[in-house]
Amino acid sequence: MAIKVGFIGCGFIALTKHLPGMSQEKDVEMAAFCDIIVEKAEKAKKEFGTSNSKVYTDYKTLIADPTIDVIHVLTPNASHAEITIAALEAGKHVMCEKPMAATSADAKKMLEARDRTGKLLTIGYQYRHYNENQVAKKVIDEGYLGDIYYSEASYIRRRGVPTWGVFTDKAQQGGGALIDIATHVLDLSLFMMNNYDVDYVVGTSFEKLGKMLTPEQQGQTNMFRHGMQDPWNNETFEVEEFAVGYIKMKNGAVIHLKSSWALNMADTPAQVLLCGTKGGLDTTDSRVRLNHIVAGQQSITMVGDKVAPYVPGFSSGEPPPSLEAQYWVNAIKGEGDLFVTADQAYVVTRILEAIYDSSKTGKAIHF
């Protein structure tokens, strides 16, 4: 019997990741689509559903449908907790898009609902599944780095502000570049280090270019072929466009985190650098560069084939298979473990929140 999935939120991330990915899973029925803008839900049904798929504008009605097994929560960050908790309480397994929630308090409530209901909860950190990050994790797990004590996690867009949806609305998103894209590389660093035991966090966020650049000065990129070539309204730009963080782990390891939507430096695609007692690596240029000792000599080894950087969406024909969807469906069927656990994502949310709090108070935030 097919797993019936309902999708709440039918915007960009639904159309470019979740719907294409799940549509490739043979044991999945794309059963319901929900969006407060009914035309978006109808478009999603037309492209990925069947004649029997249902369309909703109220997520509560979708969740109340007893035939739905799984819910994907693909809405603005501030609503993640409310919808996820309701879905779990209704007996559904839940995939919630990253970040887990806008606040750590909300994320904790999601964990509690998962524990109460016994249903599965995962978070959409798809960067873990990219080829270079899979290779890097295998290199680390095979012991080439030894004890990892330093990491840099960066995602820099010189000009790459998402101008669709509500990305610059602080009330709905909780923040800007930090909570939107730094969350990915922070998750990667913690995952690769297999270290979630935080001591304290210091950070600063900046609200400068987003509020001051005129449309003529912005020079947006066309990075995602979706909205980033459009100018933003700096009068309604309510979030930070750049943030940095220093994360000290209880074992002494350190993570240096930085991310921007707008910063006067060259673009740096999502990448991590890790240094250990035996060697180091980075994922520069979508490949794994291993720095180690071979025959007593300092050596650099490129591990794995070069792969194209991630661009949401697909140009034509059938969407490509999705490892994120495959792992998720296998876990639902009881044929594998969750690849991203909610407990891991909760730590990411706590760190992001701590950077914002540190920026406001000028103090270190101790865990």
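The values are calculated or read from the model by the stated rules, or taken from the named source; none is laboratory data. In this text, all values refer to a predicted model and were calculated from it rather than measured experimentally. Glycine also receives a Cβ, built like all others from the backbone with ideal geometry; neighbour counts cover every protein chain displayed. To get the accessible areas, we keep the full protein, side chains included, count just its heavy atoms, and leave off ligands, DNA and RNA. Shrake-Rupley method; radii C 1.70, N 1.55, O 1.52, S 1.80 Å.
Values computed for the structure shown
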read-out	value
Set LEU178, LEU186: member being part of a helix (DSSP H, G or I) and out of contact with any Ser or Thr (no Cβ under 7 Å at 6 or more places or on another chain)	LEU186
Selection status of ASP58, modelled with pLDDT of 95 or more and either under 28 Å from VAL348 (Cβ atoms) or in contact with a strand residue (DSSP E or B) (Cβ under 6 Å, 6 or more places away or on another chain) (or both)	no
Failed condition for GLU82, given (1) within 21 Å of the chain's Cα centre (by Cα); (2) in contact (Cβ under 8 Å) with a residue 60 or more places away in the chain; (3) open to solvent by 10 Å² or more (accessible area, probe 1.4 Å)	(2)
Residue check for THR16: at pLDDT 95 or above, within 19 Å of VAL166 (Cα to Cα) and either open to solvent by 30 Å² or more (accessible area, probe 1.4 Å) or of a type outside the set (A, V, I, L, M) (or both)	no
Residue match in the range 216-225 (condition: surrounded by 17 or more Cβ atoms within 10 Å (Cβ to Cβ) and farther than 28 Å from ILE351 by Cα)	yes
Unique residue being of a type in the set (A, V, I, L, M, F, W, C), within 22 Å of SER154 (Cβ to Cβ), surrounded by fewer than 23 Cβ atoms within 10 Å (Cβ to Cβ) and out of contact with any Phe, Trp or Tyr (no Cβ under 6 Å at 6 or more places or on another chain) when the list is LEU209, LEU186	LEU209
Qualifying positions in the range 154-174 - part of a helix (DSSP H, G or I) and open to solvent by 20 Å² or more (accessible area, probe 1.4 Å)	LYS170, ALA171, GLN172
Which numbered condition LEU145 fails, given (1) within 22 Å of HIS80 (Cβ to Cβ); (2) hydrophobic (A, V, I, L, M, F, W, C); (3) open to solvent by less than 20 Å² (accessible area, probe 1.4 Å); (4) part of a loop (DSSP other than H, G, I, E, B)	(1)
Cβ-Cβ under 9 Å pairs, at least 6 apart or on other chains, the range 39-58 side hydroxyl-bearing (Ser, Thr, Tyr), far side open to solvent by 90 Å² or more (accessible area, probe 1.4 Å)	THR57/ILE36
Residue in the range 342-358 that is in a helix (DSSP H, G or I), modelled with pLDDT of 95 or more, within 30 Å of MET1 (Cβ to Cβ) and among the small types (Gly, Ala, Ser) present	yes
Within the range 41-64, tally of residues that are within 13 Å of PHE7 (Cβ to Cβ) and either part of a helix (DSSP H, G or I) or touching a Gly at 6+ places or on another chain (Cβ under 7 Å) (or both)	10
Cβ-Cβ under 8 Å pairs, at least 6 apart or on other chains, the range 246-258 side loosely packed, with under 15 Cβ neighbours inside 10 Å, far side assigned to a loop (DSSP other than H, G, I, E, B)	LYS250/ASP197; ASN251/ASN195; ASN251/ASP197
Selection from the range 259-307 of residues that are of a type in the set (Ser, Thr, Tyr), open to solvent by less than 70 Å² (accessible area, probe 1.4 Å) and in contact (Cβ under 8 Å) with a residue 12 or more places away in the chain	SER259, SER260, THR268, THR283, THR284, SER286, THR301
Which numbered condition MET22 fails, given (1) within 22 Å of PRO99 (Cα to Cα); (2) in contact (Cβ under 8 Å) with a residue 40 or more places away in the chain; (3) open to solvent by 10 Å² or more (accessible area, probe 1.4 Å)	(3)
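For every residue, the table says whether it meets (1) at pLDDT below 95; (2) within 16 Å of LYS248 (Cα to Cα).
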{"position": "ALA171", "(1), (2)": "no, no"}
{"position": "ASP180", "(1), (2)": "no, no"}
{"position": "HIS184", "(1), (2)": "no, no"}
{"position": "SER189", "(1), (2)": "no, yes"}
{"position": "ASN194", "(1), (2)": "no, yes"}
{"position": "GLY203", "(1), (2)": "no, yes"}
{"position": "MET212", "(1), (2)": "yes, no"}
